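Notes to accompany the following structure.
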Amino acid sequence: EPELSGEFAEIMKLSNKYAKMKVRTNADTPKDAKIARAFGAEGIGLTRTEHMFFEVDRIKAMREMILADTVKGRKQALQDLLPMQRTDFEGIFEAMEGLPVTIRLLDPPLHEFVPHQLATQKELAEEMHIPLQAVKNKVAELEEFNPMLGHRGCRLGNTYPEITEMQTRAIIEAALNLKERGITCKPEIMVPLVGTVDEFITQECIIRDTAKIIFEERNDKVEYSVGTMIEVPRAALLADKIAEHADFFSFGTNDLTQMTFGYSRDDAGKFLPIYIQKGILKVDPFEVLDQEGVGQLVKLGTERGRSIKPNLKVGICGEHGGEPSSVEFCYNTGMNYVSCSPFRVPIARLVSAQATIKAERRV
Ligand code: PEP
Ligand code: MG
């Protein structure tokens, strides 16, 4: 864990004195959470849960889940993941000692779980006592040409509600377990890739129903909230409708940039340098928030959301949350916090303070 000392520590202390916008971190493990806290993070703005599914034993459960034909079969496959996820979340809550933690439901494209290799397909067919052809048919059915615009985010949680149920159970049970040990945490459960109000409501219902069942089972409760990523342009446009249901917004400017420009996040590196060299683009919009275009959607989404809920908590968790000019833009938009990778926390704190001072000087 890093330790701040000398002039660095002094500058950070001064930053805290002035900064009005909070700085959280993106962290998926207790280790990252602790590093970020040492750098002064005031919470977690994004825990991506997808990496938690790619270890050997976990991906196997996911593969069995997508191959299962019945709800019962899907729930059974996910049963193995529940205790592991609960431990994941307990570790993160513990590291944050009661600071706010936003956990995002599963977001990778479904295609990453599809068993593409013949050997894996054979193994699964044997273990599940189904014909190899059935596995092959399912793989063909789930194949996508454009996975990043396909079956991912809440689309996954809505077509396989058992995933949302399992993750909610893991989050709420982890919070209850910590409560028994004297650590209060109020999880913020975040739904990814929402584009329509009904997509959000469908997920919200599963989350709230699951939490209610657990509270009855345990005869105990924890506070929690349910919010959404705003990362599909349509969600920014419909932010007022979404805010009627969502407890908070977090702008996913990586996807929002991808979908607003129509540049693939994964392939843009191939031609963006040429665009920049020719002056067609001044900077890489995946690094520096495009205030002229994408920023308009961020402003509009914030305003429309707050027109319904004036105190709506709004943050950003895309890579821009740790880039100085973008952080200043977030301050000017009235965000409650920015969230960035652990090692960018100090710079975000400094910029938050500078933006506050600049704005107050203007007044
Ligand atoms: C985003 O899209 O900005 C975001 C934070 O989510 P991810 O990078 O995981 O898609
Ligand atoms: Mg995203």
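Of all residues in the stretch 298-319, those that are outside any helix (DSSP H, G or I) and small (Gly, Ala, Ser) have Cβ atoms under 7 Å from Cβ atoms of residues that are open to solvent by 10 Å² or more (accessible area, probe 1.4 Å) and within 16 Å of ligand 2 (Cβ to nearest atom), 6 or more apart or on another chain, in GLY318/ASN254. Scanning the stretch 139-152 for residues that are in contact with a Leu (Cβ under 7 Å, 6 or more places away or on another chain) and open to solvent by 40 Å² or more (accessible area, probe 1.4 Å) gives a single hit, HIS151.
For the stretch 112-131, filtered to residues that are of a type outside the set (S, T, N, Q), without any contact (Cβ under 8 Å) to a residue 60 or more places away in the chain and exposed (fewer than 14 other Cβ atoms within 10 Å of the Cβ), the residue that is nearest to ILE59 (Cα to Cα) is HIS116.
Given the criteria open to solvent by 20 Å² or more (accessible area, probe 1.4 Å) and either touching a helix residue (DSSP H, G or I) at 6+ places or on another chain (Cβ under 7 Å) or within 14 Å of ligand 1 (Cβ to nearest atom) (or both), does PRO324 qualify? Against the criterion (open to solvent by 20 Å² or more (accessible area, probe 1.4 Å) and either touching a helix residue (DSSP H, G or I) at 6+ places or on another chain (Cβ under 7 Å) or within 14 Å of ligand 1 (Cβ to nearest atom) (or both)), PRO324 qualifies.
Within the set SER250, SER225, the sole residue that is within 20 Å of the chain's Cα centre (by Cα) and within 16 Å of ligand 2 (Cβ to nearest atom) turns out to be SER250.
I want to confirm something. Restricting to the stretch 307-321 and keeping residues that are of a type outside the set (A, V, I, L, M), touching a helix residue (DSSP H, G or I) at 6+ places or on another chain (Cβ under 8 Å) and open to solvent by 10 Å² or more (accessible area, probe 1.4 Å), which single residue is farthest from PHE249 (Cα to Cα)? Checking each candidate, the answer is GLU319.
Which residue out of GLY157, GLY150, GLY98 is on the phi > 0 side of the Ramachandran plot and not polar (S, T, N, Q)?
The unique qualifying residue is GLY98.
Residues that are surrounded by fewer than 24 Cβ atoms within 10 Å (Cβ to Cβ) and either free of Cβ contacts under 8 Å to residues at least 60 places away in the same chain or among the hydroxyl-bearing types (Ser, Thr, Tyr) (or both) within the stretch 330-343 comprise TYR331, ASN332, THR333, GLY334, SER341, listed in sequence order. In the stretch 264-286, of all residues being within 16 Å of ligand 2 (Cβ to nearest atom) and at pLDDT 95 or above, the one that is most open to solvent (accessible area, probe 1.4 Å) corresponds to PHE286.
Each row is one residue, and each column tells you yes or no for (1) touching a residue at least 40 places away in the same chain (Cβ under 8 Å); (2) within 21 Å of MET96 (Cα to Cα); (3) within 16 Å of ligand 1 (Cβ to nearest atom).
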position: ASN16; (1), (2), (3): yes, yes, no
position: PRO30; (1), (2), (3): yes, yes, no
position: ARG37; (1), (2), (3): yes, yes, no
position: GLY43; (1), (2), (3): yes, yes, yes
position: ARG48; (1), (2), (3): yes, yes, yes
position: VAL56; (1), (2), (3): no, no, no
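Taken together, the residues in the stretch 91-111 that are surrounded by 17 or more Cβ atoms within 10 Å (Cβ to Cβ), of a type in the set (Asp, Glu) and assigned to a loop (DSSP other than H, G, I, E, B) amount to 1.
The values are calculated or read from the model by the stated rules, or taken from the named source; none is laboratory data. Everything numeric in this text was worked out from a predicted model, so none of it was measured. Using ideal geometry, Cβ is built from the backbone for each residue, glycine included, and neighbour counts are taken over all protein chains shown. The area values use the complete protein model at the heavy-atom level, side chains included, leaving out ligands, DNA and RNA. Shrake-Rupley method; radii C 1.70, N 1.55, O 1.52, S 1.80 Å.
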